[in-house]
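What follows is one structure encoded as structure tokens, with my remarks underneath.
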Amino acid sequence: MIVDCHGHYTTAPKDLEEYRKRQIAGLKNPAHVPSKGFLNITDDQIRESLEHAQLKMQRERGTDLTIFSPRAGGMGHHIGDETTSKHWSETCNELIHRVCTLYPENFVGVCQLPQSPGVRPTGCIGELERCVKEFGFIGCNLNPDPSGGYWTDPPLTDEWWYPLYEKMVELDVPAMVHVSASCNPNFHFTGAHYINADTTAFMQFITSDLFKDFPTLKFIIPHGGGAVPYHWGRYRGIAQDMGRPPLKELLLDNVFFDTCVYHRPGIELLLKVIPADNILFASEMVGAVRGIDPETGHYYDDTKRYIDGIDWLSAGDREKIFHGNVRKVYSRFEAQRADAAGRS
Ligand SMILES: [Zn+2]
């Protein structure tokens with residue numbers, strides 16, 4: 001079984017976008033009383049949005065299951081306030097639940113959290129709990145910068161985030177560290193803001209004792225870990241100079257990387273530098289890069305092809321990356337699969 005741990009509903013029916021537009025228009029009217037409203041999307045529209053996109057690519061590329069969450073660029077935590085984010089996150093998560101219910105063999109859910117800049121993430125606990133307990137979701141996406149490129153909230157290692165971490169530990173679910181759109185014109189969202197955030201989160205983890213406080217807390221740093229694998233020597237050296245423990249001891253029981261790196265040399269570097277125990281297969285299709293690489297004739301985001309082509313990777317490590325590590329990091333995965341099989 002091949003599990004892609006990083007997929008977003010980027011092809012959601014247009015009505016979701018219309019819903020969001022109505023919500024944002026309401027914010028401009030001072031007399032408007034926010035309400036969750038209604039999303040008018042049929043099951044057929046959901047099927048249509050996936051059959052020629054994510055499902056087609058799963059079939060063509062030979063992957064079996066995608067860990068699926070709302071579109072990351074659309075989370076837009078900087079828009080409106082906590083109530084805006086609550087209504088929007090609930091609506092997006094409910095749509096993911098419908099996808100996972102329609103296609104239990106192909107998708108398992110991960111939720112968006114109703115974060116808002118300057119608001120302690122205690123308000124996210126209820127939605128995380130609802131998604132895990134009622135919908136069978138197995139993780140969440142945590143935005144380390146709800147301001148959208150201005151980094152106005154404390155680092156991920158600050159006690160500001162601890163109530164959410166306590167709930168993650170209690171529910172035994174990991175978070176993928178994932179920013180959303182960039183409001184800062186210096187940072188292109190998928191080209192700079194995403195990769196910056198991946199790198200920034202890792203450096204934050206190095207400087208703190210977060211994992212002493214939460215020994216079982218788990219994070220996935222996406223996009224191959226940003227600059228981390230390429231600069232592994234720098235991070236090891238910085239940690240050493242700061243008197244921190246070796247990186248393996250400090251965080252490799254808690255921090256994992258995905259394979260959303262869109263060229264073979266990058267994937268090879270990731271696999272050479274980071275232990276196979278800490279790498280999870282992912283493609284983020286249909287996502288940030290949708291084109292075909294003229295140098296190879298294949299989609300940039302067909303990351304399975306790169307891994308398949310690496311002959312020095314042992315069968316054991318390959319199994320860990322494609323499947324084994326998912327069961328370890330997403331502790332609820334096996335039970336969720338058994339439950340989905342029982343229902344279908
Ligand atoms: Zn993503």
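Bear in mind that the values in this text are calculations on the coordinates, not laboratory data. No experiment lies behind these values; they were computed from the predicted model shown. Positions of Cβ are backbone-derived with ideal geometry, glycine not excepted, and every protein chain shown enters the neighbour counts.
Results, tabulated for the structure shown:
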| read-out | value |
| --- | --- |
| Stretch gain in nm, segment R290-K212, where the contour uses 0.36 nm per residue and the Cα spacing is subtracted | 24.1 nm |
| Residues whose placed amide H lies under 5 Å from that of M176, excluding near-sequence neighbours | C140, N141, L142, I220 |
| Fewest-first ranking of L252, L247, using other Cβ atoms within 10 Å as the exposure measure | L252, L247 |
| Extension gain from R234 to S314, taking 0.36 nm per residue of separation minus the Cα-Cα distance | 26.1 nm |
| Highest-fluctuation residue, T200, T296, T11 considered, GNM on the chain with Cα pairs under 10 Å | T296 |
| Qualifying lysines (Cα of each under 26 Å from Cα of K28; at least 8 residues distant if same chain) | K14, K36, K86 |
| Net charge of neighbours whose Cβ lies under 13 Å from the Cβ of G291, counting Lys and Arg as +1 and Asp and Glu as -1 | -3 |
| Long-range amide H partners of E284 with built H, under 5 Å | H6 |
| Peptides 140-151, 176-187 ordered by average Cβ neighbours within 10 Å, highest first | 140-151, 176-187 |
| Extension gain, E94 back to T11 (0.36 nm per residue minus Cα-Cα distance, nm) | 28.3 nm |
| Percent of Cα-Cα distances greater than 34 Å, calculated over region 3-343 | 20 percent |
| Amide hydrogen neighbours beyond the local backbone of F257, cut-off 5 Å, H modeled | I221, I279, L280 |
| Least to most buried among M203, M1, M168 (fewest other Cβ within 10 Å first) | M1, M203, M168 |
| Burial ordering of I46, I267, fewest other beta-carbon atoms within 10 Å first | I46, I267 |
| Length-normalised contact order for the chain - Cα pairs under 8 Å, 6+ apart - percent | 18 percent |
| Per-peptide average of other Cβ atoms within 10 Å, ordering 288-295, 257-264, 50-57, 24-31 highest first | 257-264, 50-57, 288-295, 24-31 |
